[in-house]
Each structure stands twice: as C-alpha cells, then as structure tokens.
C-alpha cells in the first residue's frame, strides 16, 4: 500500500519537495542549536519552557481529537463516519510525531534521551507521558493501517484490530490528561495549579483536532475524486462547536475563581495574559485575538445556516483552530512562568532559529500527513469507482 | 559560629580515621554516633536513590542564614565569591543565561506571599541570600524523569550533571527559582574570564540543570560548605535531627522564616531575622 505514496501528480511532488526544503532549513537551525546550546532560543532562566513545549502540548490535543470520530463510529455505529475515521487517525499519527520531535528539540542533552528508559521513574509525569504518547502512536498506526488495508481489499476489518480500536478511546483521553498533569501537578505556578486543567485540555483538544480534520476533508475533496457525505462533516462541526463551548466555559471558571476570590497569585498570570501586568503586555494582543476568534468560531458553528455553507464552515473551524492554538500553544506555557517565583516579570519572545525549528516540525507533520492521506485517498477513490 | 572547635576537630579526626568518603560527612554532624553514620553511609551507596525520607532520619542537613549580619554587604560578596570559586560557576552578561547557586534579593521578592507594605525599613533593605532550599519534599525530584535530581538520606537534594537530559521539568516545578540551566557552554565564560578553576569540582556542560548542592563534595572530605567557611557567623549549617546541634540551638533562640511554607515542600533553609 505504501508504494501509492510514490505515484502522484506534479503538484503532489511539488508540495512534498517544498516541505522537504522547509524541513532541511529547520534541520540546519537545529544543528546550529545542537552546536551552541538552547541559548539560541528566546528561553531564559525565568521562562524555561517556550514555543517547543507549548506546541508539543497543543499537538497532543490535536492527536487526541481523533477520538471524536472513533467513539461515534465504533461505539455508536454511526456509519457516516466509516469513510473518514481513518483521516482522523492519520492526523493523530502526524500530530504525535510532531509532539515527539518537539520534545527532542527542547531537551538540552538529546543524546541522553534514552535515560528515560534506562532509569524509568514512575513518580515523574514525563515517564507516563512517554508511555502514553508512544503507545498512542503505535495504536493509531496499527488501527489506521489495518482498517485502510481491509478497505482496500474490500474485506471487513480483521477481528484482532478491534481491541486496539477500543483501546484507542481511553488511550486518547489519557494522552491529554497526562499532558495536563505535567502542568497541573507542580506547586507554585498559579496558572497551572488548577483541577480543571485536564478537562479543559480535553475540551480544547476535541475542538482543535476535529477542526483540522474538517479543513483537511474539505481540501482533499478539491484535489481528489473522494467525496465525503456532507452530513458527516456537519456532525464533526457540531462536535467542534460543543467542545469549544465547553472549553470557553472552563476558561471562564478560571477567570471567576481568580477574580472573585481576589487572590493576587491567581489573578497575576491572567492579568498578564489578557490585560498586561506592571507594563508587561507582549501577549495581550494574541490572547485577546484568541478569545475573539473563539467566540467568532462558536458563533458561526452554532448557526446552522452558516455552518452549512462551506465558506463559513471553514471560517468557523479555522477560528477555533487558531483560538486554541494561541491559547494552549503559546499562552498557557508562557503564562505559567509569569510572574516568576520572585513575583517579578521576565518576558519571552521566540528567536528566528527557534521559530524555524518549530515551523520545520510543522512541515514534518504535514509531510507525514500528506503521505498518509495520499494512501487513504487512493483507497477511497478506488472504492468509489467500484 | 556554625560549629564549635571541639566538635569540628572531633569530626575531622573521625573523618581521617574513616578515610575521605561520604561517611566523613555524616561523622561531621553526628559526633560520637558512629553506628548511625555507618548506617547512613551504607544506604548512601545503596538503593537510597528514590528521594523518600525514612521516618525520623538521623541526619537532616539544613542551613540557617543570619540575615541581620548581612547589613555588612561585603559578606554577601564574600559568600558569593566563595561559592563561585568552589563550584566553577560561570558569569554570564545576560540575566537570561545566568547560573546562580547563591545570590541576594530583597524581602519583597524572597517572601512575595507574605509581603507587607508596612514592613520595617531595616528588613526591607536587608539582602536576603537565596539558594536551593533542599526541601524535605522536593517537587523537583518528584518530577525529574531520570532521577538526575534526588534527595539523599541526609536531606541534600543532589543533582547528577551526567544523567540530566536537560528537560527543565525541575525548573518548572521548583517554586523557589533555585535552578539554573546551562543555555550555552559554561566553559566559554570561565575561559574568557581566565578564572582559576577549582580542580576538585567538575565544570558542567551545556544543556544540563544545576543548583546549590550544600557542598556535598566538600562534606565528603570532611570540610564545611564553602559559604559557611567564608562567613561562619552568617551561615549556620548543621543537623536538624540532632537537638543539640548548633543550628537547632540558634533556631530555638531566634525568630526564623522559611520561604513559601504553604506549598508543603518543607524548606531546609531558615532566615534568622
């Protein structure tokens, strides 16, 4: 089946080579970082995690989002998802690949990475994160590949794959819960020390992952003969809308607790992110834009007349995707470090090589996704002819 | 005085008998209690890597800092210089890249949770020395995925620079801002400054986290921590588990503060005011 990725139009190859070019530029930047140290990034003693870990966190969510198709299809036998669930699983594979790369580029001594296996440490949440992320990658490869292969042969999905499909459901929840625990379990970082961190992570994940899926499904219908039932896309869009409402609701819980209790430590990071703290406000524009985009996205997706038009639908899910990307992929991590343990403020801005490395990891994700979608589309096109 | 002359000489003698091993350190703080030192010395080499405190440890190393003595600011500089030299700590120009083991800050930043705008001027202006708190329940050791940072049976929160993968989870977890990461190669500024290096302590490489280690390497040789040696009237080091130790005496007599007690980490650094 893999050989089908090698047969494509000039446009397909142009896109693949474009991604390879971006990846090679990012790889050069990574070599530069490897030679000089993480000091080439915008991170500092006070802001010790930056865009790498923030993006890692966001894409764990995107990966977990696939479960929003797996549950209706396999637990509720919602057959409209039968043809598109594999596209969700392939997003998960690409997203987890990106997560693992974001971790690798973030650590100071990548050559010692396998110390995590050599000295397994069950009291560290990173230990569990390693297990659940790699496990989720394996599960989605097994399930995605085998269900697609069965479709290609025109056979039902083999029985031995079923347990993996069911396992993928709690496993998807686990990857984002454990990732939330990385933050929610450390003392002294007020923005992170909240019991709704994991629920909020899941809500934003179930909004972000399916948003990306809708954009991609609308796109692949333009470049292939594969046609998706519009009702299936509408169902996914409703999922995005509800999940985003829950996400925004939980965010307001955070605001209420902080501002009504008047506890300065709880207010400070929110103040920094949304209003500026002691004259420091480099993220305020982004965070307000994120909040606005979230409301716009919900507004569009809530109104059936708008949601049914592809132009509005794309605007709606793109708004949700960007809103969650800024909120979780930037604000959450940086906001946790501000103010620092001495109640002073050090700000963070990513450097060019750092941004290039992050973009090249996006390109790796896009490349993995392109190849996997190529396989899936070729099988689906054959099915449609037959 | 952190330790009287007799106590020190006795400990030094015991250390000489025991040889220059980790055992020496325990003898130093537990004069006369050789059985206990055997036990602790043994567990130090054994499996005691897990950071779990035994019920009622016989050694619980801690530091009391007499902040009032620091009105004489030259002592701050002396202490910092002693630590820098003992541990080959590089000096970076940028605040972002700084490596800090022991440094000064004001009351307002050291105790932000108990900050009081009507604080006495005298206290407000004092230089408080900040360092790793060697917590009894250290969040950094809890989150480290490779046990590169861990609590020893004597209470020291140690850091293994050769195992650390540089994930910086410990820096996010430490509520005291006590940890520094080598964003660049620390040997570059050391070389540029032309500093005389201490050959008895390793320089680090880039990409690993470091912090105050209560001079564990000097304790192993039966010496006092470098800051204690520099200003014994300011830095009072000893065994909290021994009711007769100097640190326990001074904590009984003076008012002391600890940072962010509400987090339950139980810091082992006390500020005498």
* Which residues, taken from region B:79-93, are farther than 8 Å from residue B:226 by Cβ, touching a helix residue (DSSP H, G or I) at 6+ places or on another chain (Cβ under 7 Å) and assigned to a helix (DSSP H, G or I)? -> B:79
* Check region B:225-235 and report whether any residue there is in a loop (DSSP other than H, G, I, E, B), surrounded by 20 or more Cβ atoms within 10 Å (Cβ to Cβ), at pLDDT 95 or above and within 14 Å of chain A (Cβ to nearest Cβ). => no
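Output yes when any residue across region A:9-31 is part of a loop (DSSP other than H, G, I, E, B) and more than 14 Å from chain B (Cβ to nearest Cβ), and no when none is.
First, pick out the residues of region A:9-31 that are part of a loop (DSSP other than H, G, I, E, B): A:9.
Next cut, more than 14 Å from chain B (Cβ to nearest Cβ) only: A:9.
Yes: region A:9-31 contains one or more residues that are part of a loop (DSSP other than H, G, I, E, B) and more than 14 Å from chain B (Cβ to nearest Cβ).
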* To do: Would you be able to tell me the number of residues in region A:248-266 that are surrounded by 15 or more Cβ atoms within 10 Å (Cβ to Cβ) and either modelled with pLDDT under 95 or on the phi > 0 side of the Ramachandran plot (or both)?
  => 3
* To do: Collect the residues in region B:94-122 that are more than 19 Å from residue A:44 (Cα to Cα), within 11 Å of chain A (Cβ to nearest Cβ) and assigned to a loop (DSSP other than H, G, I, E, B), keeping them in residue-number order.
  => B:106, B:111, B:115
* Asked: For region A:199-221, which residues satisfy the criterion of being touching a residue at least 60 places away in the same chain (Cβ under 8 Å) and within 30 Å of residue B:140 (Cβ to Cβ)?
  -> A:201, A:202, A:204, A:205
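Out of B:255, B:216, report the one residue that is farther than 30 Å from residue A:34 by Cβ, more than 14 Å from chain A (Cβ to nearest Cβ) and touching a residue at least 40 places away in the same chain (Cβ under 8 Å).
Details: B:255 fails: touching a residue at least 40 places away in the same chain (Cβ under 8 Å).
Result of the check over B:255, B:216: B:216.
Every residue in region B:123-179 that is part of a strand (DSSP E or B) and more than 11 Å from chain A (Cβ to nearest Cβ), please. Give the steps one after another, and end with the answer.
Step one: of region B:123-179, the residues part of a strand (DSSP E or B) are B:128-130, B:149-151, B:157-159.
Within region B:123-179, B:129, B:151, B:157, B:158, B:159 meet the criteria.
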* To do: Look at region A:297-314 and say how many of its residues are assigned to a helix (DSSP H, G or I) and surrounded by fewer than 17 Cβ atoms within 10 Å (Cβ to Cβ).
  => 9
* **Enumeration of residues in region A:259-291 that are in contact (Cβ under 8 Å) with a residue 24 or more places away in the chain and either within 22 Å of residue A:324 (Cβ to Cβ) or in a loop (DSSP other than H, G, I, E, B) (or both)** => A:269, A:270, A:272, A:273, A:278, A:282, A:283, A:286, A:287, A:289, A:290, A:291
* Condition check for residue A:322: assigned to a helix (DSSP H, G or I), within 15 Å of the chain's Cα centre (by Cα) and either farther than 30 Å from residue B:115 by Cβ or at pLDDT 95 or above (or both) -> yes
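Test residue A:45 against the stated conditions and say whether it is more than 29 Å from residue A:282 (Cβ to Cβ) and either more than 22 Å from the chain's Cα centre (by Cα) or within 12 Å of chain B (Cβ to nearest Cβ) (or both).
Details: more than 29 Å from residue A:282 (Cβ to Cβ): no; either more than 22 Å from the chain's Cα centre (by Cα) or within 12 Å of chain B (Cβ to nearest Cβ) (or both): yes.
No; evaluated as a whole, the condition is false for this residue.
Within region B:49-65, is even one residue within 19 Å of residue A:341 (Cβ to Cβ) and either surrounded by fewer than 16 Cβ atoms within 10 Å (Cβ to Cβ) or modelled with pLDDT of 90 or more (or both)? Walk me through how you get there before you give the answer.
Filtering region B:49-65 for residues within 19 Å of residue A:341 (Cβ to Cβ) gives B:63, B:65.
Applying the additional criterion that residues be either surrounded by fewer than 16 Cβ atoms within 10 Å (Cβ to Cβ) or modelled with pLDDT of 90 or more (or both) yields B:63, B:65.
Yes; the residues of region B:49-65 include at least one that is within 19 Å of residue A:341 (Cβ to Cβ) and either surrounded by fewer than 16 Cβ atoms within 10 Å (Cβ to Cβ) or modelled with pLDDT of 90 or more (or both).
Given the residues B:108, B:104, B:125, B:117, which is the only one that is modelled with pLDDT of 95 or more and surrounded by fewer than 20 Cβ atoms within 10 Å (Cβ to Cβ)?
Values: B:108 fails: modelled with pLDDT of 95 or more; B:125 fails: modelled with pLDDT of 95 or more; B:117 fails: modelled with pLDDT of 95 or more.
Residue meeting the stated conditions: B:104.
Name the residues in region A:72-122 that are outside any loop (DSSP other than H, G, I, E, B), free of Cβ contacts under 8 Å to residues at least 24 places away in the same chain and facing chain B (nearest Cβ under 10 Å), would you? Spell out how you get there, then give the answer.
Here is the first cut: in region A:72-122, the ones outside any loop (DSSP other than H, G, I, E, B) are A:72-75, A:79-81, A:85-106, A:110-112, A:115-118.
The next check asks that each one be free of Cβ contacts under 8 Å to residues at least 24 places away in the same chain; those that pass are A:73, A:79, A:104, A:111-112, A:115-118.
A:111, A:112, A:115, A:116, A:117, A:118, listed by residue number.
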* Asked: Here are some conditions: (1) more than 30 Å from residue B:150 (Cβ to Cβ); (2) crowded, with 19+ Cβ neighbours inside 10 Å; (3) at pLDDT 95 or above. Residue A:142 meets all but one. Which one does it not meet?
  -> (2)
* Asked: Within region A:174-198, restricting attention to residues that are surrounded by fewer than 18 Cβ atoms within 10 Å (Cβ to Cβ) and more than 14 Å from chain B (Cβ to nearest Cβ), which residue is farthest from residue B:260 (Cα to Cα)?
  -> A:196
* Asked: Give me the pairs: first residue in region B:183-202 and within 12 Å of chain A (Cβ to nearest Cβ) and touching a residue at least 60 places away in the same chain (Cβ under 8 Å), second residue outside any loop (DSSP other than H, G, I, E, B) and surrounded by 13 or more Cβ atoms within 10 Å (Cβ to Cβ), beta-carbon distance under 6 Å, and six or more apart or on different chains, which are they?
  -> B:183/A:38; B:183/A:39; B:183/B:97; B:184/A:39
* Selection within region A:173-198 - part of a helix (DSSP H, G or I) and touching a residue at least 40 places away in the same chain (Cβ under 8 Å) -> A:173, A:174, A:175, A:176, A:178, A:179, A:181, A:182, A:183
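When the residues of region A:123-160 are narrowed to those that are within 16 Å of residue B:167 (Cα to Cα) and assigned to a helix (DSSP H, G or I), which ends up nearest to the other protein chains (Cβ to nearest Cβ)? Please lay out each step first, then the result.
Step one: list which residues in region A:123-160 are within 16 Å of residue B:167 (Cα to Cα), which gives A:123-130.
Pick out the ones that are also assigned to a helix (DSSP H, G or I) and you get A:125-130.
Details: A:125: 7, A:126: 4, A:127: 5, A:128: 10, A:129: 9, A:130: 7 Å.
Across region A:123-160, the extreme among qualifying residues is A:126.
The values are calculated or read from the model by the stated rules, or taken from the named source; none is laboratory data. Computed from a predicted structure; not experimentally measured. Because the Cβ atoms are built from the backbone with ideal geometry, glycine has one as well, and the counts that use them run over all protein chains shown.
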